[in-house]
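Undergrad: Just passing along the structure, written as structure tokens.
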Amino acid sequence: MQEIKGNDYLLKTTNLVKKYKEYQAVNEVSMTINKGDIYGFIGRNGAGKTTFIRLVTRLIEKSSGTLAYNSKKNMKMGAVIEGPACYPYLSARDNLKYYAIQKNIKNKKRVDEVLEFVGLDQVDGKKLFKDYSLGMKQRLGIGLAILEQPEFLILDEPINGLDPQGIVEIREIIHRLNKEYGTTILISSHILTELSLVASRYGIINEGKLIKELTKDELEDECGQYIVLASSDNQQAKKILSDSQFNVESNGTELYIKTEKNQMEKVAQLLFKQGIYPTNYYYKEENLEEYYLNLIAGGV
Ligand SMILES: Nc1ncnc2c1ncn2[C@@H]1O[C@H](COP(=O)(O)OP(=O)(O)OP(=O)(O)O)[C@@H](O)[C@H]1O
């Protein structure tokens, strides 16, 4: 686990609980989000992601535990929770202008800056929010959330239902916000492969409990790397490889040899010498999705 130095964290929760009657939607979650993180918050439907996000944005009251921000008294926070909250009969510009007035934003150029930042500056000004594509709606939602240049941005399932192009656009916005403005971002999703392209740290929640927190590097280390082998005699192959100190598991039809890619030749030679011939032989690196499914199943 990455060491958290004194003041590096932005948000720290300790044993945070949200109960609905006897049901613990968030169950003793101790999470740390560091300044500058793009924190990928992973969990399947009903795992407790939105409830946790509503707690940290103080939309709902916690039942117990602590929640601490390490920032100035009035830290600016922006959020898009359960879809963008925009006026359907206003254009992007008018939606932004309306929020700018509400939030008392004096900088007259800010609306144009945001429109450009989220790629909506070229959209026909007569087009209303209700007629936007889902991707445009999400981008405007993010635009509203960043109007005040928040230190912390929370995006709840921002890529749900988007087409590949829409996903790429949101990903670019997230990267730019983090790199150019140093915005700390919490992004929840169950589209794990997509999350793995943006997140620098991960928290995995299941049935209300945070079951794992890890950095991108730690995830790469923990994701399994193995040779997959089917052969003329799997049982004998397993014995030969185990005798040579390889860590081998079998699923009945294939062997999984936990080792590095550069061992492929050695493994093949060991088997050939004993007259065993592969019928299928390849190297596999487990991705975030497979790691997560294994973790949820208690397999890691
Ligand atoms: N206001 C509420 N009253 C009672 N139960 C609730 C309430 N809000 C959420 N829950 C329950 O808490 C659990 C967690 O819900 P939550 O919406 O946080 O999950 P989620 O991970 O965001 O899922 P999804 O991806 O489907 O939005 C669910 O079982 C849900 O039914």
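The values are calculated or read from the model by the stated rules, or taken from the named source; none is laboratory data. Only a predicted model underlies this, so the values are computations on that prediction, with no experimental measurement involved. Glycine also receives a Cβ, built like all others from the backbone with ideal geometry; neighbour counts cover every protein chain displayed. Heads up: the accessible areas ignore ligands, DNA and RNA and are worked out on the full protein's heavy atoms, side chains in. Shrake-Rupley method; radii C 1.70, N 1.55, O 1.52, S 1.80 Å.
Undergrad: Return a yes/no flag: does the stretch 115-125 have any residue that is modelled with pLDDT of 90 or more, buried (at least 16 other Cβ atoms within 10 Å of the Cβ), of a type in the set (Phe, Trp, Tyr) and more than 16 Å from the ligand (Cβ to nearest atom).
TA: Yes; the residues of the stretch 115-125 include at least one that is modelled with pLDDT of 90 or more, buried (at least 16 other Cβ atoms within 10 Å of the Cβ), of a type in the set (Phe, Trp, Tyr) and more than 16 Å from the ligand (Cβ to nearest atom).
Undergrad: Could I ask something else about it? Confirm whether residue 220 is surrounded by fewer than 17 Cβ atoms within 10 Å (Cβ to Cβ) and more than 16 Å from the ligand (Cβ to nearest atom).
TA: Judged against the criteria, residue 220 is a match.
Undergrad: Also: Among the residues of the stretch 103-148, write down those that are under 27 Å from the mean Cα position of the chain (by Cα) and on the phi > 0 side of the Ramachandran plot.
TA: Selection gives 119 alone.
Undergrad: Something else: For the condition away from the ligand (no atom under 13 Å from the Cβ) and among the charged types (D, E, K, R), what is the one hit in 62, 49, 19?
TA: The conditions single out 62.
Undergrad: Filter the stretch 246-300 down to the residues that are of a type in the set (A, V, I, L, M) and without any contact (Cβ under 8 Å) to a residue 24 or more places away in the chain and list them by number.
TA: Hits for the stretch 246-300 are 248, 268, 293, 297.
Undergrad: Give me the pairs: first residue in the stretch 160-171 and in the same structural domain as residue 118 (by TED's automatic domain parsing), second residue among the polar types (S, T, N, Q) and in a helix (DSSP H, G or I), beta-carbon distance under 8 Å, and six or more apart or on different chains, which are they?
TA: 162/138; 166/138; 170/138
Undergrad: Within the stretch 160-189, how many residues are open to solvent by 10 Å² or more (accessible area, probe 1.4 Å), in a loop (DSSP other than H, G, I, E, B) and within 17 Å of residue 78 (Cα to Cα)?
TA: 1
Undergrad: Taking interchain pairs and intrachain pairs at least six residues apart, which have beta carbon atoms under 6 angstrom, with the first residue in the stretch 181-206 and away from the ligand (no atom under 16 Å from the Cβ) and the second part of a loop (DSSP other than H, G, I, E, B) and open to solvent by less than 20 Å² (accessible area, probe 1.4 Å)?
TA: Filtered contacts from the stretch 181-206: 184/37; 200/37; 201/37.
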